[in-house]
Amino acid sequence: MKKAVLYITMIFSIQSFCQNNGSITYHGAMDLKKVSESYNSGKYDTLPSKRKDIIKKILESNHIVEFTLDFKDNKSKFKQVKKLKEDDGNLNLASIIGGKGIIYTDLSQNIILDQKEAFGELFLVESKIDSIKWKLTKETKTINDFVCYKATTVKIIKNSSGVHEKEVIAWYTPSISANFGPAGYCNLPGLILELKVGKFIYQTKKINLKIINIKITKPTKGEKVSIEEFDDIGLEMSERLIKN
């Protein structure tokens, strides 16, 4: 325990500057190597035909999506900006997996609000920041000239086939003290420059820490539900589709 406290203290001590205002541009896309591994594994033959079609489409044309993360003081807003490759008439898988809504975080209030359309309705899904249990490591790599540390957690997925865990890997830099990241992942001792959620990767393409007039507005439209309630709605809709 003492070693863990000492390690975290060390990370904070090497921060080169304190920056709480800025904007980050991420490019998000599927990890084709991992998708290909799934395609070539023996498990592929046992998948439903719809899942097989999705995997084939990903391999045929990987869509890249642009996202922005604006942050100021204790708040941030993450949203999709645009697709960087034109659709070929197929399903825009990267956009769907990466997210099309707005994700708002407030560190001081310990909340994440994910405003998104689902099942033909607009939802405002609330979860707690401290529900993300990070495991810090000493592993490092350099991203955009910043030394980054690796942290991991898991995302719980509930669907008609049961409860599943999806691995989440974050690379954060203590050199930028803003405790934010893409897709609502935050509360690490530094800014997340790369994030991998399952087979989807967010990679930093542009960092702007000189913006002064940043306005972070809290989303209010949509039916407000907890993450647990939203999962239950999804399960109910899946069961209806299966029956029909």
- Task: Kindly provide the set of residues from the range 149-165 that are at pLDDT 95 or above and open to solvent by less than 70 Å² (accessible area, probe 1.4 Å), ordered by number.
- Result: Tyr149, Lys150, Ala151, Thr152, Thr153
- Query: Does any residue of the range 92-99 turn out to be surrounded by 14 or more Cβ atoms within 10 Å (Cβ to Cβ), at pLDDT below 85, out of contact with any His (no Cβ under 8 Å at 6 or more places or on another chain) and on the phi < 0 side of the Ramachandran plot?
  - Reply: yes
- From the residues in the range 128-148 that are open to solvent by less than 30 Å² (accessible area, probe 1.4 Å) and assigned to a strand (DSSP E or B), which one is farthest from Ile192 (Cα to Cα)? Ile143
- Message: Conditions first: (1) more than 22 Å from Asn74 (Cα to Cα); (2) touching a helix residue (DSSP H, G or I) at 6+ places or on another chain (Cβ under 6 Å). Ile156 passes all but one, so which condition is the exception?
- Response: (2)
- Output for the range 166-183, where each listed residue is within 13 Å of the chain's Cα centre (by Cα) and surrounded by fewer than 21 Cβ atoms within 10 Å (Cβ to Cβ): Lys166, Glu167, Val168, Ile169
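The values are calculated or read from the model by the stated rules, or taken from the named source; none is laboratory data. Just so you know, these numbers come straight off a predicted model, no measurement behind them. Every residue, glycine as well, gets a Cβ built from its backbone with ideal geometry; the counts of neighbours run over all protein chains shown. Calculation scope for accessible area: heavy atoms of the full protein, side chains included, ligands and nucleic acids excluded. Shrake-Rupley method; radii C 1.70, N 1.55, O 1.52, S 1.80 Å.
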